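S.K.: Once you've had a glance at the structure underneath, I'll fire off some questions.
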Amino acid sequence: MKKYILLFIISISLFFKGFAEEGMWLPQLLQSLNEKDMKKLGMKINASDIYNISRSSLKDAIVSFGGFCTAEVVSDKGLLLTNHHCGFEAIQSHSSVQNNYIRDGFWAYNMGQELQNPGLFATFIISINDVTKAVLNGVGDNITERERKSLIDKNIAALKAGTKKESYQDILIRPFFEANKYYMFITETYNDVRMVGAPPSSIGNFGKDTDNWMWPRHTGDFSMFRIYADKNNRPAAYSPDNVPYKPKRSLNISIDGIKEGDFTMVFGFPGRTNEYLHSSAIEQVVKLSDPAKVGIRTKALQVIDGFMRKDEQIGIQYAKKFASISNAWKKWQGEILGLTKSNAVEKRKQLEANFEKIVMSKPELNVAYMGLLKDLEKAYHDIEPYAYARDYYSEIYPKIELLLFANQLKSVVNAYEENGETGYAAAKEKALQNIEDQYKDYNAAVDEKLFTVLMEMYVKDQKDEYTSPYFKELLQQNSGDYAKTAATVYAQSKIYEIKSLQALLAGSAKDVTDAIKNDIGYKIAMDMQYTFGTKVAGHLNEIQSHINQLQRLYMQAQMDVFTEKAFYPDANSTLRVTYGQVKPAYPRDGVKYDIQTYMDGIMEKYKPGDYEFDLPKKLIDLYNKKDFGRWGVKGKQPVCFIASNHTTGGNSGSPALDAYGNLIGLNFDRAWEGTMSDINYDPAICRNIMVDIRYVMFIIDKFAGAKNLIDEMKFVSRVKK
Ligand code: ARG
Ligand code: ASP
């Protein structure tokens with residue numbers, strides 16, 4: 001027996017050895033959990049310099065940028081740095097044929113030129129506190145999931161009501177560790193965030209889709225904004241009277257550069273990860289879910305690409321849609337590859353075997369967790385057909401815009417059927433406005449072709465009972481020909497074209513509602529929704545709720561069983577610190593990923609006139625003259641670098657900090673082979689990609705000539721020059 005225990009302890013410690021770089025850690029727990037480890041990896045500051053509520057710390061320079069990215073304060077006048085792809089919507093919204101900031105870039109050479117962005121916000125985290133006890137108060141083992149939820153909702157409401165905060169602050173309470181823990185965040189959100197600068201896309205998105213998720217990388221993925229506050233430095237809606245925000249803390253910028261082995265940390269708002277799944281769930285991702293989604297997107301991208309290449313207008317209209325479909329499409333392929341190559345499923349099975357052994361060896365664990373893994377496996381098995389149907393539905397439905405228009409009109413029908421004339425006019429107004437906005441980037445020929453191709457997958461690739469009977473009837477009337485069916489639908493539907501939609505929406509509320517309900521496109525959309533709702537969603541939600549319950553127990557179980565391991569919670573769009581080192585990688589046989597790229601590589605990739613690899617003349621001139629100013633080293637201009645920081649979507653724009661907490665780069669991507677880090681981080685393969693801060697400064701200074709911005713920032717160096 002003794003030998004037995006000794007054996008598995010060894011095997012576990014082997015298993016966890018070398019995982020120091022894995023994890024997205026809670027800033028308030030760094031001191032107790034990570035500080036020693038961070039210092040071992042090279043950090044020279046203390047955890048209390050990163051997170052502190054009694055004095056200013058690095059956390060006071062980090063904001064959630066619009067809820068989808070991260071940005072950081074880099075001057076005492078509220079100047080923000082984030083990625084170009086994070087600021088892209090703002091850049092696009094200010095762009096026109098006369099002022100094409102996407103193509104030419106934008107620079108405010110004084111504060112008066114900065115542009116307001118309605119809807120864009122920056123959120124600071126003031127404090128983070130463990131409120132698990134209060135939230136789970138009275139939540140026992142023997143209550144249903146529904147009772148649990150309502151009790152927790154009540155507790156959270158009471159907790160919020162009883163918490164002191166300033167009028168301009170908000171309270172956020174979020175579940176962690178699969179809802180075994182709850183933390184409360186006091187936040188301050190600034191709603192006047194103005195655009196300050198952006199390079200041309202040929203720099204900020206150099207390499208576009210071809211280089212996306214790839215190393216070596218040469219993208220200057222940054223843009224600049226500024227937070228404005230009222231006269232008391234508090235959050236306020238946009239007003240010309242607002243003044244630049246005075247931060248508690250802004251980041252200093254190190255221009256010393258990086259070398260292999262340097263400590264780095266990335267501080268930001270990672271969105272979503274699934275690091276504690278059962279092996280059967282990972283298997284489902286690799287074998288079913290990812291391949292299904294990739295397959296659907298491959299077809300959709302082929303269709304859109306075909307049109308974009310032939311028609312310049314469509315090229316502009318569909319650029320953003322294409323980029324966003326292709327972003328996850330490419331990521332999932334990398335994920336399949338990485339999970340397969342790293343034997344993620346096999347490794348997770350080993351972990352489960354260890355788990356089982358330890359549970360068996362201790363009576364108290366045995367009582368609590370016996371059979372848990374089997375139950376999980378069964379639940380994942382049960383959900384499989386429904387999860388597959390969900391993937392098909394959620395991938396196909398939103399890519400056919402006709403169905404999205406129908407969904408907008410559903411709110412008009414609902415308004416009338418639920419409340420009669422009250423609210424009907426407003427609902428109609430709103431739906432029409434939304435649809436008109438969508439029409440700007442819409443082409444019916446593209447949509448019809450997408451309909452043809454995707455509806456064929458919808459019908460052929462899934463169980464018959466999960467697909468719309470109404471659509472299949474139409475298909476049959478058109479002798480089973482998808483193109484013919486699509487032609488019929490787009491000939492008859494009145495909802496994808498402004499004139500016919502306006503005509504459809506004219507008349508009495510009753511007539512309009514009837515007309516909408518009789519539209520062929522609307523009928524298909526509603527029948528797809530109904531079929532999914534009745535045949536899939538019910539089962540799916542029920543099993544998913546059971547899985548959530550089991551995963552919650554399994555999370556607690558892993559903590560009880562692997563007591564020597566420090567656990568970090570899955571990403572959930574809250575503030576986290578991840579740390580690692582600047583490190584090369586060996587992703588494939590014979591291939592080494594060097595830590596740094598230079599402008600020489602930009603010139604190697606340069607393709608005049610190309611949509612992805614063209615360059616501004618001025619950049620080429622600067623390169624040829626080696627006019628890098630103080631941002632280059634030995635006649636070379638650094639551009640991007642990689643490290644072993646564990647990041648995910650939402651970490652874009654996050655600061656990469658050195659051992660002293662100085663800014664050395666902006667995180668913006670990961671290397672393709674390691675995108676599996678959302679499910680299975682492997683320090684040998686997983687690398688995050690950052691744009692070197694010296695390239696950012698080179699572009700602002702030498703390319704844009706925005707000395708006003710350079711003068712605002714504070715630069716530090718430890719190297720005697
Ligand atoms: N792959 C990165 C991320 O997931 C960058 C995406 C933006 N760049 C692009 N070429 N689409 O967000
Ligand atoms: N590009 C991602 C983002 O926008 C970052 C990543 O997934 O690595 O947040």
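The values are calculated or read from the model by the stated rules, or taken from the named source; none is laboratory data. As the structure is a prediction and not an experimental result, all values here were calculated from the model. Reconstructed Cβ throughout: ideal geometry from the backbone, glycine too, with neighbour counts over all protein chains shown. Each accessible area value is taken on the protein alone, full model and side chains, heavy atoms only, with ligands, DNA and RNA left out. Shrake-Rupley method; radii C 1.70, N 1.55, O 1.52, S 1.80 Å.
S.K.: With every protein chain left in place, what is the accessible area of Lys714 in Å² (1.4 Å probe, nearest 10)?
M.R.: 120 Å²
S.K.: Would you mind checking Lys293/Lys331; Lys299/Lys592; Lys330/Lys523; Lys36/Lys331 for any pair whose Cα atoms are more than 23 angstrom apart?
M.R.: Long pairs (Cα-Cα over 23 Å): Lys299/Lys592; Lys330/Lys523; Lys36/Lys331.
S.K.: To continue, here is another question. So how do Ser717, Ser95, Ser644 rank on accessible area, 1.4 Å probe, biggest first, that is with the largest at the start?
M.R.: Ser717, Ser95, Ser644
S.K.: Place a +1 charge on the Cβ of each Lys and Arg in region 596-721 and a -1 charge on the Cβ of each Asp and Glu, then give the dipole magnitude about the Cα centre in debye, rounded to the nearest 20.
M.R.: Dipole of region 596-721, to the nearest 20 debye: 780 debye.
S.K.: Give or take rounding to whole Å, what are the principal axis extents of the alpha carbon atoms in region 555-615, in descending order?
M.R.: So the three principal-axis extents are 59, 31, 18 Å.
S.K.: I'd like to know which of Ala706, Gly661, Ala425 lies farthest towards the positive end of the charge dipole of the chain, counting +1 on Cβ of Lys and Arg and -1 on Cβ of Asp and Glu.
M.R.: Towards the positive end, the residue furthest out is Gly661.
S.K.: With every protein chain present, what is the per residue accessible area of region 276-363 (1.4 Å probe, Å²)?
M.R.: Heavy-atom accessible area per residue stands at 45 Å².
S.K.: A follow-up question, please. Taking only protein heavy atoms into account and a 1.4 Å probe, give the accessible area per residue of region 119-171 in Å².
M.R.: For region 119-171, the solvent-accessible area averages 64 Å² per residue.
S.K.: Need the list of aspartates and glutamates near Lys517 for cross-linking: C-alpha distance under 18 angstrom, and skip anything on the same chain fewer than eight residues off.
M.R.: Reachable aspartates and glutamates: Glu401, Glu417, Glu418, Glu421, Glu429, Glu473, Glu497, Asp527.
S.K.: Largest first and to the nearest Å, give the Cα extent of region 597-721 along each principal axis.
M.R.: 45, 40, 25 Å, listed from the longest principal axis down.
S.K.: Once you order the gyration tensor axes a ≥ b ≥ c over the Cα atoms, which shape class does region 240-378 get: rounded for a/c under 1.5, otherwise prolate or oblate by comparing a/b with b/c?
M.R.: oblate
S.K.: Now for a different question. Would you mind working out the magnitude of the charge dipole of the chain relative to its Cα centre, with +1 at each Lys and Arg C-beta and -1 at each Asp and Glu C-beta, to the nearest 20 Debye?
M.R.: Once rounded to the nearest 20, the dipole reads 2060 debye.
S.K.: Would you be so kind as to identify which of Asn434, Ile62, Asn327 lies farthest towards the positive end of the dipole of the chain, taking Lys and Arg as +1 and Asp and Glu as -1 on Cβ and the Cα centre as origin?
M.R.: Most positive-ward Cα: Ile62.
S.K.: So, one more: Mind checking the dipole of region 291-370: about its Cα centre, +1 per Lys or Arg Cβ, -1 per Asp or Glu Cβ, Debye to the nearest 20?
M.R.: Here region 291-370 has a charge dipole of around 180 debye.
S.K.: What pairs in Lys181/Lys357; Lys248/Lys321; Lys484/Lys607; Lys77/Lys583; Lys259/Lys321; Lys565/Lys720 have C-alpha atoms more than 31 Å from each other?
M.R.: Table pairs above 31 Å Cα-Cα are Lys248/Lys321; Lys484/Lys607; Lys77/Lys583; Lys259/Lys321; Lys565/Lys720.
S.K.: For region 139-164 and region 543-566, compute the distance between their C-alpha centroids and round to whole Å.
M.R.: Rounded to whole Å, the Cα centres lie 20 Å apart.
S.K.: State the Cα centre-to-centre distance between region 400-460 and region 464-485 in whole Å.
M.R.: 20 Å
S.K.: Dividing the convex hull volume of the alpha carbon atoms of the chain by its residue count, what do you get in Å³ per residue?
M.R.: Output value, Cα hull per residue: 187 Å³.
S.K.: While we're on this one: Which listed residue (Ile50, Leu351, Phe451) has the Cα farthest towards the positive end of the charge dipole for the chain, taking +1 on Lys and Arg C-beta and -1 on Asp and Glu C-beta about the Cα centre?
M.R.: Farthest towards the positive pole: Ile50.
S.K.: Answer rounded, prolate or oblate for region 149-261, using the Cα gyration tensor with square roots of eigenvalues a ≥ b ≥ c: rounded when a/c is under 1.5, else prolate when a/b is larger than b/c, else oblate.
M.R.: Oblate.
S.K.: Same structure again: Going by Cβ distance under 4.7 Å, what cysteines of the chain have no possible disulfide partner?
M.R.: That list is Cys640, Cys686.
S.K.: Kindly state, as a whole number, the per residue volume in cubic angstrom of the convex hull around the alpha carbon atoms of region 94-206.
M.R.: 180 Å³
S.K.: While we're looking at this one, here's another question. Take the solvent-accessible surface of the protein heavy atoms, probe 1.4 Å, and return the percent of it on the chain that carbon and sulfur atoms account for.
M.R.: After summing per-atom areas, the C and S share lands at 53 percent.
S.K.: In deg cm²/dmol and to the nearest 500, what is the mean residue ellipticity at 222 nm of the chain if only DSSP H runs of at least 4 residues count, each as -39500 (n - 2.57), divided by the residue total?
M.R.: Result for the chain: -14000 deg cm²/dmol, rounded to the nearest 500.
S.K.: Where Lys and Arg each count +1 and Asp and Glu each count -1, what net charge lies around Asp305 among other residues with Cβ under 12 Å from its Cβ?
M.R.: +4
S.K.: Also, I was wondering about something else. By the gyration tensor of its Cα atoms, with a ≥ b ≥ c the square roots of the eigenvalues, what is the shape of region 377-501: rounded for a/c under 1.5, prolate for a/b over b/c, or oblate?
M.R.: Note, shape of region 377-501 comes out oblate.
S.K.: With a sphere of radius 15 Å drawn around the Cβ of Thr189, what net charge do the other residues whose Cβ falls strictly inside it have (Lys, Arg +1; Asp, Glu -1)?
M.R.: Summing Lys/Arg as +1 and Asp/Glu as -1 gives -4.
S.K.: For region 91-154, state the average projected area of the convex hull of the C-alpha atoms over all orientations, rounded to one decimal in nm².
M.R.: Taking the Cα atoms of region 91-154, their convex hull projects to 9.2 nm² on average.
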